[in-house]
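The values are calculated or read from the model by the stated rules, or taken from the named source; none is laboratory data. Since we're looking at a predicted model, the values are computed, not measured. Every residue, glycine among them, receives a Cβ derived from its backbone with ideal geometry; neighbour counts consider all protein chains shown. Accessible surface areas use protein heavy atoms only, side chains included; no ligands, DNA or RNA. Shrake-Rupley method; radii C 1.70, N 1.55, O 1.52, S 1.80 Å.
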Amino acid sequence: MGIFDYKRLESSSNPQRILRQTPLPMEGSPRLGPKGLIKKHEFVRILIQCLYSIGYEKSASCLELESGISCKSDDFQLLESQISSGNWDGCVDTLNAIKDLTDDTRAAALFLVFKQCLLEYLSCGDDKLALAILQKEVSALQVDRDKVHNLAWSILSWKEVEQSKIDDNAVRELRKKLLQELEKWLPSPITLPERRLEHLVETAVLSQIDSCMYHNMSDEVSLYADHSCSRDQIPTETVQILTEHKNEVWFVQFSNNGEYLASSSSDCTAIIWKVPEDGRVTLKHTLRSHHNPVSFVAWSPDDSKLLTCGNVEVLKLWDVETGTCKHTFGDPGFIVSSCAWFPDSKRLVCGSSDPEKGIYMWDCDGNELKAWRGMRMPKILDLAVTPDGQNLISIFSDKEIRILNVGTNAERVISEDHSITSLSISGDSKFFIVNLNSQEIHMWDVAGEWEKPLKYMGHKQSKYVIRSCFGGLNSTFIASGSENAQVYIWNRRNSRPIEVLRGHSMTVNCVSWNHRRPQMLASASDDHSIRIWGSSLSNKIQPQKLS
């Protein structure tokens, strides 16, 4: 049978064997750390594991020798010796004798051992012994029956192809792979989770990031000091004031690539602004075609097109580069309340405040692709499509949110206690926020796992449509306008605002956070202006007006 001594498996264990156990620290064993929470024995062991994993094998071996602590437990070292030598009887006995293993874990580990054993027996031509192990040992394990069937099928396949004997080097590699699989299955302290020290350090770093209310940078976090960001990481200072609009500014939104800004106003115009590398916003196009105030705009995902909604008016499609109107949707009697794009930038939807119109889906040429309308369809106040294109979320009947899966037509309705005025979706398609006239913002999960929303308060809203948005690194923050002429910023983990931005003189209707520049925010106000907000570090000169 080659250089390995294959043994027939015995179902009973050797009662005379005394297994070595990894010594557990006594209650009075040394502890580390100012609070004494770290067991020295455990810390040294995972430190040795870390040295091995990053390639410092000599250092790891020296530490094992000096400390008297091995990276591998006695039980696992015994298993390693038995598997390397092909002592399958001893291996099975060891697994059966290890304490504190759940039945499922023990069965899974034994299955792996039997599987390796079968493979080697088949390689040696001992089909009868392989079949006996499958029938007596493997079949008795409480494991998934599909695994047993697949193993039996592999025996038949082996016979059919008349597989030649596996050489000794291949056997060694297979046994090493078995040990690696057992390391993943056996619990601590028998084995250590892979890269345990790195995991603990990363967890500590993430905990510090999560507790940092102003974290808004993608730079690597240093281990040399506790992490904490200052308010300089988020937009808190006015760096530019745009006064091109001649009346109240109702809506503002950055493009997806962060290179443009679009605004709409009760002066019946929309404006496309250019956002250059230096951050100084400049006027690109003034869009003049609506006869009524423009209440809403929406960028196509590829940022080549812009939709504008007139107040009690039609929907228009514009070419961003040229500033020309490419198409007008609907007719003079079609009352548009909001619009949104699908990810392909070829399909769009719009909602109407007229219950008989409902929701339309069009292509860019105005061809109707789908419609949701009828007597049971209430008026649509706002709608949005998740960036992944899977869900259409709409606000209707003042207090209800409908989440429609576009592919399956599965529908879920969320009811709020107060009237909803606006809707915004996070960039990862997992969450959305709604502004309520009860002076609260509620965040819900799209998947429907939450029974209650997270709530944010502090701003003022009771009479007007106020819009909020996600922003910052990984959509960590929420920003909102307010009827008291201020902009409010929350960290999503805190219900109270972390910053209140002052500068406008009248109601702030809408805010937008630049997707590509986490320290740039825009706000639109009834005072006829748009304010660009940036980090206090960037405000070295007086705010510049553009008019």
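So what are the ³J(HN,Hα) numbers for segment 477-484, from phi and the Karplus equation (6.51, -1.76, 1.60; θ = phi - 60°), rounded to whole Hz, Gly and Pro as x?
Values per residue, Gly and Pro as x: 10, 10, 10, 8, x, 6, 6, 9 Hz.
Rounding to the nearest 20 debye, state how big the charge dipole of segment 419-531 is about its Cα centre with +1 on each Lys and Arg Cβ and -1 on each Asp and Glu Cβ.
240 debye
Using each residue's phi in segment 454-466, evaluate 6.51 cos²θ - 1.76 cosθ + 1.60 at θ = phi - 60° and report the 3J(HN,Hα) Karplus result to the nearest Hz, with x for Gly and Pro.
Values per residue, Gly and Pro as x: 7, 10, 10, 9, x, 7, 10, 7, 9, 10, 10, 7, 10 Hz.
Would you please classify the overall shape of segment 407-475 from the alpha carbon gyration tensor, given that a ≥ b ≥ c denote the square roots of the eigenvalues, rounded means a/c under 1.5, and beyond that prolate means a/b larger than b/c while oblate covers the rest?
Oblate, because a/c is 1.5 or more while a/b does not exceed b/c.
Determine the equivalent ellipsoid of segment 269-357 by diagonalising the alpha-carbon gyration tensor, then write out the semi-axes as square roots of 5 times the eigenvalues, largest first, rounded to whole Å.
Equivalent ellipsoid semi-axes, largest first: 24, 15, 11 Å.
Which three extents, in angstrom, do the Cα atoms of segment 328-452 have along their principal axes, listed largest first?
Principal extents (Cα only, largest first): 40, 28, 22 Å.
Can you give the angle from 0 to 90° between the axis of helix 74-85 and the longest principal axis of the chain, with both taken from C-alpha atoms, to the nearest 10?
Taking Cα atoms only, the helix is inclined about 70 degrees.
If each of residue 286 and residue 437 carries a label point 7 Å out from its Cα toward its Cβ, how far apart are those two points in nm?
It works out to 3.4 nm between the two label points.
Can you list the HN-Hα couplings for segment 278-286, worked out from phi with the Karplus curve (6.51, -1.76, 1.60; θ = phi - 60°), rounded to whole Hz and with x for Gly and Pro?
Ordered by residue, 3J(HN,Hα) equals 7, x, 7, 6, 10, 6, 10, 9, 9 Hz.
Out of segment 250-346, which GluC sites (Glu not before Pro) are coil in DSSP terms and have no more than 13 other C-beta atoms within 10 Å?
277, 321
For a quick check of understanding: with a 1.4 angstrom probe and all protein chains in place, what accessible area in square angstrom does residue 369 have, to the nearest ten?
90 Å²
With +1 assigned to the C-beta of every Lys and Arg and -1 to the C-beta of every Asp and Glu, and no other charges, what is the dipole magnitude of the chain about the Cα centre in debye, to the nearest 20?
I would put it at about 840 debye.
Can you work out the accessible area per residue across the chain, with the rest of the protein chains kept in place, probe 1.4 Å, in square angstrom?
Result: 50 Å² of accessible area for each residue.
At 1.4 Å probe size, with the rest of the protein present, what percent of the exposed accessible area of segment 483-529 is carbon and sulfur atoms?
42 percent
If you take the square roots of the eigenvalues of the alpha-carbon gyration tensor of segment 447-533 and sort them as a ≥ b ≥ c, do you get rounded (a/c under 1.5), prolate (a/b over b/c) or oblate?
Note, shape of segment 447-533 comes out oblate.
Using only Cα atoms and rounding to the nearest 10 degrees, what angle (0 to 90) does helix 145-161 make with the longest principal axis of the chain?
60 degrees
For the chain, find the longest principal axis of its Cα atoms and tell me its angle to the long axis of helix 103-123, 0 to 90°, nearest 10.
60 degrees
What FRET efficiency comes out for the pair residue 39/residue 84, r = Cβ-Cβ distance, R0 = 30 Å, nearest 0.05?
Result of the calculation: an efficiency of 0.50.
Lys/Arg Cβ at +1, Asp/Glu Cβ at -1, dipole of the chain taken about the Cα centre: which of 295, 169, 472 is farthest positive-ward?
295
Once ligands and nucleic acids are excluded and a 1.4 Å probe is used, how much of residue 222 is accessible, expressed in Å² to the nearest 10?
60 Å²
Out of the total accessible area of segment 249-375 (probe 1.4 Å, heavy atoms of protein only), what percent is carbon and sulfur?
48 percent
Would you mind telling me the share, in percent, of accessible area of segment 39-140 contributed by carbon and sulfur at probe 1.4 angstrom?
Solvent-exposed carbon and sulfur of segment 39-140 make up 52 percent of the total.
Of the options 225, 435, 140, report the single residue whose Cα projects farthest towards the positive end of the charge dipole of the chain (beta-carbon charges: Lys, Arg +1; Asp, Glu -1).
435
Can you sort 79, 381 by solvent-accessible area, 1.4 Å probe, largest first?
381, 79
For the pair residue 428 and residue 247, how long in nm is the line joining their label points, each one 7 Å along Cα→Cβ?
It is 4.2 nm.
Match the structure shown to one of the listed values (i) -0.22, -0.73, -1.10, -1.30; (ii) -0.37, -0.80, -0.92, -1.00; (iii) -0.24, -0.78, -1.11, -1.27 of log10 I(q)/I(0) by the Debye sum over Cα atoms at q = 0.05, 0.09, 0.11, 0.12 Å⁻¹, computed from it, and give that label.
Read-out taken from this structure: (ii).
Using only protein heavy atoms and a 1.4 Å probe, report how much of residue 64 is accessible, in Å² to the nearest 10.
40 Å²
Indicate the gyration tensor shape class of segment 485-534 (rounded, prolate or oblate), computed on the Cα atoms with a ≥ b ≥ c the square roots of the eigenvalues: a/c under 1.5 is rounded; otherwise a/b larger than b/c is prolate and the rest oblate.
Since a/c reaches 1.5 but b/c is at least a/b, the shape of segment 485-534 is classed as oblate.
What pairs from 316/463; 58/176; 305/452; 99/430; 39/184; 305/379 go past 32 Å between their alpha carbons?
305/452; 99/430
Using a 1.4 angstrom probe with every protein chain in place, what is the largest-first accessible-area order of 214, 456?
So, going from the largest accessible area down, we get 214, 456.
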